[in-house]
Amino acid sequence: MADHVEHAVNNVSVDGTEGSRHTETSPGRTEVELNGQPPTARPPLVLTDTEEDEDEELTLKYGAKHVIMLFIPVTLCMVVVVATIKSVSFYTQKDGQQLIYTPFREDTETVGQRALNSMLNAAIMISVIVVMTLVLVVLYKYRCYKVIQGWLFFSNLLLLFFFSFIYLGEVFKTYNVAMDYLTLALIIWNFGVVGMICIHWKGPLRLQQAYLIMISALMALVFIKYLPEWTAWLILAAISVYDLLAVLCPKGPLRILVETAQERNEPIFPALIYSSTMVWLFNMADSAETRNNSSHPVPEQENQVAVAPMAQPDDDGGFTPAWVDQQQHQLGPMQSTEDSRREIQELPSARPPPEEDEEERGVKLGLGDFIFYSMLVGKASATASGDWNTTLACFVAILIGLCLTLLLLAIFKKALPALPISITFGLVFYFATDNLVRPFMDQLAVHQFYI
Amino acid sequence: MTVAVFFGCAFIAFGPAFSLFVFTIARDPLRVIILIAGAFFWLLSLLLSSLVWFISIKASNSQDLRLQRDLLIFGVFFSVLLQEVFRFAYYRLLRKATEGLAAISDEDTSAISVRQMAYVAGLGFGIMSGAFSMINVLSDSLGPGTVGIFGDSQYYFITAALMTLALTLLHTFWGVLFFEGCEKSRWWVIAAVVSLHLLVAGLVSFTWTHTFTVHIHYFTSTSSQLRFR
């Protein structure tokens, strides 16, 4: 099977926060640098028919498990958003404020004017996203990793401190909880700092996943509050079209990003992808001389978070001084250098290649996907007259779209956009359920018909 | 119209389905996917049938109440038939998937049998049908109000919950029977399922003693299940 480097591409959105909208399978072996060798240095495996079939069957078999591993966080995110929308009225109140990216107002006299304004708003928003994606691709291509990291850091800072402070404030207002600033500051500080550490550095996998879900939910709530009606629906439609084009067209920015990352053998922007399994913390060295040769192939449980490329200053190849001393004592003096190590590694290994457990193969979904899915379901619960039926229908539609996307992923084995199918289904079901099914179900409920 | 009513009706309507889900389906990812896909197919059938009903409503005179009621009954029957059509379509899809999986794997059998898929698919249909019937009613029951203040039955919530429960379980059983009939090409089984479904939908329309109908439903469903043990 060919190497599949997993990528998740960032996409720009407002306030410097991004959305990455890709799903990929990530066979663990491509992340693992076995004894300092890059994955591509392995000789290609010659597969017989049975092995290929087994691999295919394995793909299908683990496909179901990984679909569920994505269903759960997507469901959780949606549940958080819907619960907030239903209880905290702040996020459904339109107090006349809009984002600077959507300057045109929708409270116009004529329907035509409203349509025009919303289309202009959507166009502006999408072009902002396109421009920022291009900036991102350019930055990545010219290896300005520090800029990108700083950008991500700042945006997560904003989300984890400022937006969660507002959220908590509104929740307290809704439930009439009295709170002093000191306690609040303590809570927000702890929440934010732990979040930054989990997301940008190391942390337990579940905690990192929880934080990613929370920031996606917060972002979706912001969108639900500040985007006017028609603009929001148009943006959803337009962004799924853009996602499709950007990932699949040969000149699409996201595809270029993915291919560049593939050439360089690096994972992209780990802080913006939801990963369903632990990501192995290994070298993503910039330069050849700083190769992290890990002689412990099994990472500890707490090294969960993949960090963006960092140079390893003094690399002794894992041979700690104590170990070297001991070896010298036993075997005589020797010197382990980069070159000597590489030479040894190039020798055919007598060991069988380490088996991959099924748990190694994780699947990743970009946070932008979470945000837009939750935004769709949140809007359905906020503004639909069919209320819970519409919300439920959109929820099922999005899950089925995700399932189909993952099925396509299992078949095509390359980075795919996760938005188009789900958002299309979601939009179709929203409008159909709200306008067609709701009157039907209302009539049935009134006359107590059960179908 | 209190939290008690809400929880009571919610547990009556969804308790068994929820426990079935937790104990038999939640562990196996493939079954969860089949369940949600089943719910999706039911939703599609509802969408199409409500589209047809909507068009018929719009094309007719909205003042004529008699006609509206007749159109609604027509809508109900059409919806039932369409649900069975989609159940058949889902059966075909699942058969194809099973064949695909079986062809690839080393053993001759696939990870999940047709009987299990039938049960899960039926439960998916049932849960979605129940949810669509009951959820809005449940959310209304949380709020203030008095049931039957204008002379209608006071037992609206409880009968709605019981009917939802009956329908959910019936869909599950019908799923099993239907798939069994398709597998063994016993067309009379399929016809029986369709006519039972029509009967249930029709009975509810024409009788006001809901508890009586609930008893009928349990009887029919358990007897039909017993036949195939």
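Derivation of every value follows stated rules applied to the coordinates shown; laboratory data play no part. All values derive from a computational prediction rather than experimental measurement. Neighbour counts run over all protein chains shown; Cβ positions are idealised from the backbone, glycine included.
Suppose the chain between A:Asp95 and A:Glu263 were pulled fully straight at 0.36 nm per residue; how much longer would it get relative to their current alpha carbon spacing?
Length gained between A:Asp95 and A:Glu263: 55.6 nm.
Run the paramagnetic zone check for B:Ala59: 7 angstrom along Cα to Cβ, then residues of segment B:74-101 with backbone nitrogen under 16 Å.
Counting backbone N atoms under 16 Å from the label point, the list is B:74-76, B:78-79.
Checking the a/c ratio against 1.5 first, then a/b against b/c, what shape does the Cα gyration tensor give for segment B:1-224?
Prolate, since a/c reaches 1.5 and a/b exceeds b/c.
Taking the mean number of other Cβ atoms within 10 Å as a proxy for protection, how do you rank B:74-80, B:172-178 from highest to lowest?
Per-residue Cβ counts within 10 Å, averaged per peptide and sorted highest first, yield B:172-178, B:74-80.
Towards the positive end of the charge dipole of segment B:1-224, with charges on Cβ (+1 Lys, Arg; -1 Asp, Glu), say which of B:Val147, B:Leu169, B:Ser62 has the farthest Cα.
The listed residue farthest towards the positive side: B:Ser62.
Take peptides B:124-131, A:433-440 and line them up by average Cβ neighbours within 10 Å, highest first, as a rough protection proxy.
B:124-131, A:433-440
Residues of B:163-175, mean number of Cβ from any other protein chain within 10 Å of their own Cβ, rounded to a whole number?
That average works out to 1.
Can you give the FRET efficiency to the nearest 0.05 for B:Val3 and A:Ile72, using r as the Cβ-Cβ distance and R₀ = 35 Å?
Given R0 = 35 Å and the Cβ-Cβ separation, E is 0.80.
Suppose R0 equals 45 Å; then what is the FRET efficiency for A:His447 and A:Ala238 from their Cβ-Cβ distance, rounded to the nearest 0.05?
Computed FRET efficiency for A:His447 and A:Ala238 comes out at 0.65.
If you average the alpha carbon positions of segment A:386-411 and of segment A:192-239, how far apart do those two centres end up, in angstrom?
So the two Cα centres are separated by 19 Å.
How high is the FRET efficiency between B:Leu51 and A:Asp107 when r is their beta carbon distance and R₀ equals 45 Å, given to the nearest 0.05?
Rounded to the nearest 0.05, the efficiency is 0.90.
So, with +1 on the Cβ of K and R and -1 on the Cβ of D and E, and no other charges, what is the size of the charge dipole of segment A:80-132 about its Cα centre, to the nearest 20 debye?
For this selection, approximately 140 debye.
Can you give me the distance in nm between label points at A:Ala123 and A:Phe431, each placed 7 Å from the Cα along the Cα-to-Cβ direction?
Once both label points are built, they end up 2.0 nm from each other.
Across the residues of B:130-143, average count of Cβ atoms on other protein chains within 10 Å?
4
Averaged over A:427-434, how many beta carbons belonging to a partner chain fall within 10 Å of each residue's beta carbon?
2
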